[in-house]
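First comes the structure, then the notes that go with it.
The values are calculated or read from the model by the stated rules, or taken from the named source; none is laboratory data. Being a predicted model, the structure only gives us computed values, none of them experimental. Using ideal geometry, Cβ is built from the backbone for each residue, glycine included, and neighbour counts are taken over all protein chains shown. Heavy atoms of the whole protein, side chains included, go into the accessibility calculation; ligands, DNA and RNA do not. Shrake-Rupley method; radii C 1.70, N 1.55, O 1.52, S 1.80 Å.
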Amino acid sequence: MNHFLSTEDTTREELTELLDDADSFVEVLDRPIPKVPALRGKTVATMFFEPSTRTKLSFEKAAKALSADIMSFSPSTSSLSKGESLKDTVLTVQAMGTDAMVVRHQATGAPWRVAEWVDQPVLNAGDGAHQHPTQALLDALTIRQRFGTLDGLRIGIVGDIRHSRVARSDVFAFNTLGAEVTMVAPKTLLPTQTDGWPAKASEDLDEVLTELDVVYLLRVQAERGGASVFPSLSEYTTRYGMTVQRFSRLKPDTVVLHPGPMNRGVEIAAEVADDDRSLILEQVANGVAVRMAVLFRLLGGEHDE
Amino acid sequence: MGRHGKQLAHLDELWEAGVRMFTDDGDVVADAGLMRQAMDYLATRGGVIAQHAVDPGLAAAGQIHEGAVSSLLGMSAIPAEAEEIIIARDLRLAELTGARYHVQHLSTAGGVEMIAAAKTRGLEVTAEVTPHHLAFDDSMVATTDPAYKVMPPLRSIEHMDALRAGLRDGTIDAVATDHAPHAAHDKDVPFEHAANGITGLEWAAAVVNTVAPLDPVSFYTRMAVAPAAIAGTPEHGRWVAVGNPAHLAVFDPAHEWVPERTVSRSSNTPYLGMALQGRVVATVYRGTITARDGSPAAVALTS
């Protein structure tokens, strides 16, 4: 693995190895001193060209837990406002002496361009509505911790799949790890053509609800022109929201995931979000461990735990 | 006027100045009423209205063809219907007004079908296709390489095949390059921020001969005779005959080669490194060689 850009082309072995590594980093993060010297002397640049709080913090925490140094970039304080191109920006940062680059960008494919320009590993931290592969890893880890495996699990991904890099990453990762994935959304929120996707599609949440082992709720992105893709937020909640009533119809072991940030009362009822079977905070915690696993693998850190 | 699609250009003055082909290319004439006026105005004079056919509402901020590739990339996309709807509308207006109508850079199977039907009905309708829409489908876009970013977007293989068939059977009259040079810094960016356009004038004949080979007469007709006839430039696109102007391209259809450099000052082209069959060996303008073996000749052109 030279870069970590997408779950579309990762193998089951690669994903499993990363999840196994992440398991051991979960244990590291539980120690009184949650830190290993694996990447001491390495510098990780976090290049977030699109605003982010949790993913950026999570990557930075992961790098610190591996004893790497961090160079942090955010667009509001950057030379981008002076018109510097993406290419010049990443080459400039690389010239200062970085060993890996974590890139988030609103433009689809931007991390691939960066990977062509620089000569060090690039980690995709989210590009457009395309891919967000470390999110898929943390989701898979969270599910695996609960069920032991993803093999044979039925996972429903519910909501704005069309505009979701989380959904695109999860569909491929979950399927590769053996789960049976159903995408649930109104037609306006499904990708226009999913014939070749390793997932089924449904417009009716209530029809598939009771079969699911995992319900993955996507954030309603009201900022993405919600008005034209579904009639109203309340209509969305009525048809696709995880209400208390729907939650009560789930199988007793079924869990609920959400990538955050949540819109309580829209895609998820507050009571559901706070229930023990909602694994949302576990997801956040696991995010640090899986990002440690990816950084560790890409930077070839020596095993000296 | 001003390529805003709001009011008619000074068609009379342009006509007097020798213009025979009128277009807002780069933008569509979206307003059907304005299009009808332009057609009415030109119908009796005999000029041709050429359309960059795309419905702005359906296209919205689309970057690529809507289909399997755009669904995987999560990129906003333009369905084939955005082009087809405008062509359908314009064909009805052409029938209403009797105007000559030309579709620029046709990219859809539905467009090919409608133009074939319109020709059968006897309408004065023509269409062109670019070498890149004949050569590539949208699988090339899956890598998000900005070299393949162009409008209309590269479409799926079904559309590409229909364009090749349309060129072969004459539904599509002409090949037009839509040659669009850009500075390197306008393409050396993420796909969604890159400029639209592909260069390839120097390989157009070779590309067509490679991906959609035609018999020599059809080839010359689509590449030269028809474009000149549609655009109303009688000096060009003439058959080689005593007394005709010596504007020639000497083409060797058997030459197999791989272009490794461009003489364009821009390099936003996907053709470098592509195996081609056929090569323009020389070009001649008014009897003077203007290029030979892929390099421009140093000649002073007089007007």
Would you mind telling me which numbered condition in (1) open to solvent by less than 50 Å² (accessible area, probe 1.4 Å); (2) assigned to a helix (DSSP H, G or I) residue A:259 fails? (2)
For the structure I just gave you, tell me whether residue A:207 is modelled with pLDDT of 95 or more, within 14 Å of chain B (Cβ to nearest Cβ) and surrounded by fewer than 24 Cβ atoms within 10 Å (Cβ to Cβ). no
Considering only residues of the stretch B:48-84 that are more than 30 Å from residue B:14 (Cα to Cα) and part of a strand (DSSP E or B), which is nearest to the other protein chains (Cβ to nearest Cβ)? B:77
Selected residue (criterion: most open to solvent (accessible area, probe 1.4 Å)) from residues of the stretch A:103-129 that are out of contact with any Phe, Trp or Tyr (no Cβ under 6 Å at 6 or more places or on another chain) and within 7 Å of chain B (Cβ to nearest Cβ): A:112
Scanning the stretch A:163-192 for residues that are within 14 Å of chain B (Cβ to nearest Cβ), touching a residue at least 60 places away in the same chain (Cβ under 8 Å) and open to solvent by 10 Å² or more (accessible area, probe 1.4 Å) gives A:163, A:166, A:172
Within the stretch B:9-35, the residues that are within 17 Å of residue B:103 (Cβ to Cβ) and more than 19 Å from the chain's Cα centre (by Cα) are B:30, B:32, B:35
Just checking, how many residues over the stretch A:13-41 are more than 17 Å from residue A:61 (Cβ to Cβ) and exposed (fewer than 14 other Cβ atoms within 10 Å of the Cβ)? 3
Are any of the residues in the stretch A:131-139 open to solvent by less than 10 Å² (accessible area, probe 1.4 Å), under 19 Å from residue B:187 (Cα atoms) and within 11 Å of another protein chain (Cβ to nearest Cβ)? no
What's the total number of residues in the stretch B:139-172 that are of a type outside the set (Gly, Ala, Ser), outside any helix (DSSP H, G or I) and open to solvent by less than 30 Å² (accessible area, probe 1.4 Å)? 9
Of all residues making up the stretch B:94-125, the number that are over 17 Å from the mean Cα position of the chain (by Cα) and crowded, with 19+ Cβ neighbours inside 10 Å: 6
Just to verify a result, which residue in the stretch A:7-28, among those that are in a loop (DSSP other than H, G, I, E, B) and touching a Phe, Trp or Tyr at 6+ places or on another chain (Cβ under 8 Å), is farthest from the other protein chains (Cβ to nearest Cβ)? A:10
Applying the selection to the stretch A:42-71, what residues are open to solvent by 40 Å² or more (accessible area, probe 1.4 Å) and of a type in the set (Val, Ile, Thr)? A:53, A:70
Checklist (1) within 14 Å of chain B (Cβ to nearest Cβ); (2) of a type in the set (Val, Ile, Thr); (3) farther than 22 Å from residue A:126 by Cα applied to residue A:90, failing item: (3)
Inside the stretch B:195-228, the number of residues satisfying the requirement of being at pLDDT below 95 and either over 15 Å from the mean Cα position of the chain (by Cα) or open to solvent by 30 Å² or more (accessible area, probe 1.4 Å) (or both) is 2
Return a yes/no flag: does the stretch B:8-15 have any residue that is touching a residue at least 24 places away in the same chain (Cβ under 8 Å), assigned to a helix (DSSP H, G or I) and either farther than 20 Å from residue B:139 by Cα or not aliphatic (A, V, I, L, M) (or both). yes
Against the conditions (1) out of contact with any strand residue (DSSP E or B) (no Cβ under 8 Å at 6 or more places or on another chain); (2) open to solvent by 20 Å² or more (accessible area, probe 1.4 Å); (3) within 14 Å of another protein chain (Cβ to nearest Cβ), where does residue A:149 fall short? Just the number, please. (3)
